[in-house]
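Everything on this sheet refers to the single structure shown next.
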Amino acid sequence: MSSVALRPSPPVLSLIGRTPLVPLHFPADGLTLFAKAEFLNPSGSIKDRLALTIVDDAEARGLLRADSIIVECTSGNTGIALAMVGAAKGHRVKILMSESASVERRHLLRQLGAEVELFAATGGYATGIELAREMAARDPRIFLPCQFENPLNALDHEQHTGREILERMHGRVDAFVAGYGTGGTLAGCGRALVAANPDVKIIAMEPAEAAMLSGECPCCHFIEGIAGGYVPPLLREAQIDSIVKVSSADALAMTRRLAREHGLLVGTSSGANVVAALQVARELGPESRVATVLCDRAERYYSTRLFAECDGDGCEVTAPLR
Ligand SMILES: Cc1ncc(COP(=O)(O)O)c(C=O)c1O
């Protein structure tokens, strides 16, 4: 087997990272949050960073060959990011995705040339991870990025996302708040921020309906991309000072507010992060400097509750959407 003939670095990849940090003003609360606009990455989410780092590393170590297939279990964003990096670099990509992930994600994956295999949502991420392992055991062409365990995931956020936050906030960060899927963002940014200031508070956001870090049983929630019924290994060693639970209803309401009051078209986990970050900032006081992450774009959620018909202020769901 020959190694892939590498092309010069594709231009789209130079658009990854160095995202802006936007101040989010909440005048009624007298508070300003600082939100890392990760939805501005080229494939639309925070996962572009991880996809590029893992594929670059695999190429450098000779793990990707001409006939290799990159296989990953993902809630969609990592898949889209891997499909984008794979398309740009000329690698075949196959994505295992829960059937509960929004249909827009499937379309985007296929548009980028990736193959998509769905698995039942009932077992959560664990089902897809097991499926990927079984496939790799049968087929030596398969390369598994293993985003849930790969230390490069958190390392990349430590060396880049976390440091970018520190740089833009001139090192003055009182708290960092983020939800977890793989835990890479929380663990990696947390490490960078704590290394710069041991007093910074690292706060995990999780759905109130699936508060597994809080020791509760996972139940169904509507904050796509986080808390997949699994406490990820990357999070087990992470420093977490406290946990904020956010209900799906509050996450959806804030995501709509971010669009209508701030002009930010982002996904539901971004709204959930902002709900939790506001709660933390209220506790720390009006001068506090709380950072969080806007993880992905709203366009990824057309078929979900986020875009359901609104009924007055309550944005009641009027269609049988997920
Ligand atoms: C929309 C969304 N938000 C948040 C996250 C959580 O990021 P991480 O995997 O770094 O914990 C993910 C992960 O896939 C995601 O897709």
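The values are calculated or read from the model by the stated rules, or taken from the named source; none is laboratory data. Bear in mind the structure is a predicted one, so any value in this text is a computation, not a measurement. No Cβ is skipped: glycine too gets one built from the backbone with ideal geometry, and neighbour counts run over all protein chains shown.
Looking at the stretch 129-225, the helices (runs of 4 or more DSSP H) lying wholly inside it that each contain 2 or more residues that are away from the ligand (no atom under 16 Å from the Cβ) and at pLDDT 95 or above sit at 162-168, 184-196.
Results for (1) assigned by TED's automatic domain parsing to the domain that holds Leu52; (2) basic (Lys, Arg); (3) more than 17 Å from the chain's Cα centre (by Cα); (4) within 22 Å of Leu24 (Cα to Cα), shown as yes or no for each residue.
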{"position": "Arg168", "(1), (2), (3), (4)": "no, yes, yes, yes"}
{"position": "Thr185", "(1), (2), (3), (4)": "no, no, no, yes"}
{"position": "Gly190", "(1), (2), (3), (4)": "no, no, no, yes"}
{"position": "Asp199", "(1), (2), (3), (4)": "no, no, yes, no"}
{"position": "Pro233", "(1), (2), (3), (4)": "no, no, no, no"}
{"position": "Gln239", "(1), (2), (3), (4)": "no, no, yes, no"}
{"position": "Leu252", "(1), (2), (3), (4)": "no, no, no, yes"}
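Screening the stretch 1-85 for strands (runs of 3 or more DSSP E) wholly inside it with 3 or more residues that are in the same structural domain as Thr185 (by TED's automatic domain parsing) returns the ranges 21-26, 31-37.
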